[in-house]
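Student: One structure coming up, written as structure tokens, with questions to follow.
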Amino acid sequence: MAHKPRSEMIAETRAKLVAAARQAFGTVGYADASMDDFTAEAGLTRGALYHHFGGKKGLLEAVIAEIDAEMNERLREITADAETPWQGFVDECIAYLRMALEPEIQRIMLRDGPAVLGDPTTWPNQSACIASLSTNLRRLRDAGTIVDLDPDAMAHLINGASLNASLWIANAPDPEETSRRAVGAFRVLLEGLLADKPARQ
């Protein structure tokens, strides 16, 4: 039987560790997740974990990167399904806030992540989020859908508001009610960008 290439074996080992850690972090939380337990579950050793990720913290970073990539893909699909570019932009922003209600995202991305890795605005994925927002805002501005604004500055503001709202939802005593309030307020915030403001009751 042919041996697998080393690169393929490394990728498989990393994937097994990330999957086992993601399961553990999502169910019992980062602090209570035992490295020995989830490496054994993956059929690997603690040494493999240190070799590939440098430790538990590095593994959390890898899990967050995987979840973040999945969130971005879901948001892209939501935008693509919308009837207009503006509706896609609004739907994407609101969907991001609603993801803060999902147990895995809530626990790993919005509670344990900031507690262990620090301020989420400094995480590697943030520059990509802001660049994507800026591109969408520039298109909407150039199409005359929204007022003449600085897309980069507004992207930073919307990204900050989204992130803080998500942290608020995830850490609230009643996340469902907090999400409802945050989504309502966010819609008003976004409507303020429109060149032709909708009539409000």
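Student: Computed over the Cα atoms of the chain, what is the convex hull's projected area averaged over all directions, in nm²? If you can, show how the numbers build up before the last one.
Tutor: Working: hull surface 57.2 nm².
Over every viewing direction, the Cα hull of the chain projects on average to 14.3 nm².
Student: Tell me the per residue accessible area of the chain using a 1.4 Å probe; a whole number in Å² is fine. Show your work: numbers first, answer last.
Tutor: Values: 11200 Å² over 201 residues.
That works out to 56 Å² per residue.
Student: Under 25 Å Cα to Cα from Lys56, which lysines show up? Leave out anything in the same chain fewer than 8 places away.
Tutor: Within reach: Lys16.
Student: With all protein chains present, how much of the accessible area of the stretch 92-165 (probe radius 1.4 Å) comes from carbon and sulfur, to the nearest whole percent? Walk me through the numbers before you get to the answer.
Tutor: On the way: 1870 of 3460 Å².
Looking at the stretch 92-165 in its full context, I get 54 percent from C and S.
Student: Also, quick follow-up: Please state, to two decimals, what the Cα-based radius of gyration of the stretch 35-92 comes to when divided by 2.2 N^0.38 Å (N = residues). Show your work: numbers first, answer last.
Tutor: Details: Rg = 17.9 Å, N = 58, 2.2 N^0.38 = 10.3 Å.
Cα-based Rg divided by the globular estimate yields 1.74.
Student: Which value in deg cm²/dmol, rounded to the nearest 500, describes the helix-derived mean residue ellipticity at 222 nm for the chain, given -39,500 (n - 2.57) per DSSP H run of n ≥ 4 and division by the residue count?
Tutor: Estimated from H runs of four or more residues: -22500 deg cm²/dmol.
Student: Just going by the charge dipole of the chain, with Lys and Arg at +1 and Asp and Glu at -1 on Cβ, which of Ile67, Val116, Gln106 is farthest out on the positive end?
Tutor: Of the candidates, Val116 comes out farthest on the positive side.
Student: Restricting things to alpha carbons, tell me how big the stretch 40-154 is in terms of Rg and Dmax, in Å.
Tutor: Spelled out, the Cα radius of gyration and Dmax of the stretch 40-154 are 17.6, 57 Å.
Student: Computed on alpha carbon atoms, what radius of gyration and Dmax characterise the stretch 98-201, expressed in Å?
Tutor: 15.2, 45
Student: Separate question: Would you give the gap between the C-alpha center of the stretch 1-56 and the C-alpha center of the stretch 114-164, rounded to a whole Å?
Tutor: 33 Å
Student: Another question about this same structure. What helices in the chain pass both tests, a Cα length along the helix axis of 18 Å or more and a mean Kyte hydropathy of -1.0 or higher, using whole DSSP H runs?
Tutor: 6-27, 56-81, 85-98, 126-142, 151-171, 175-191
Student: Relative contact order, percent, of the stretch 39-197 when contacts are C-alpha pairs under 8 Å separated by at least 6 residues?
Tutor: Details: 124 pairs, mean separation 37.1, N = 159.
That works out to 23 percent.
Student: Taking 0.36 nm per intervening residue step and subtracting the Cα-Cα distance, what contour gain separates Ala19 from His51 on full extension?
Tutor: Numbers: separation 32, 0.36 × 32 = 11.52 nm, distance 1.66 nm.
Full extension of this stretch gives 9.9 nm more.
The values are calculated or read from the model by the stated rules, or taken from the named source; none is laboratory data. Here the structure is a predicted model, which means the values were calculated and not measured. Glycine also receives a Cβ, built like all others from the backbone with ideal geometry; neighbour counts cover every protein chain displayed. Areas reflect the complete protein model, heavy atoms only, side chains present, ligands, DNA and RNA absent. Shrake-Rupley method; radii C 1.70, N 1.55, O 1.52, S 1.80 Å.
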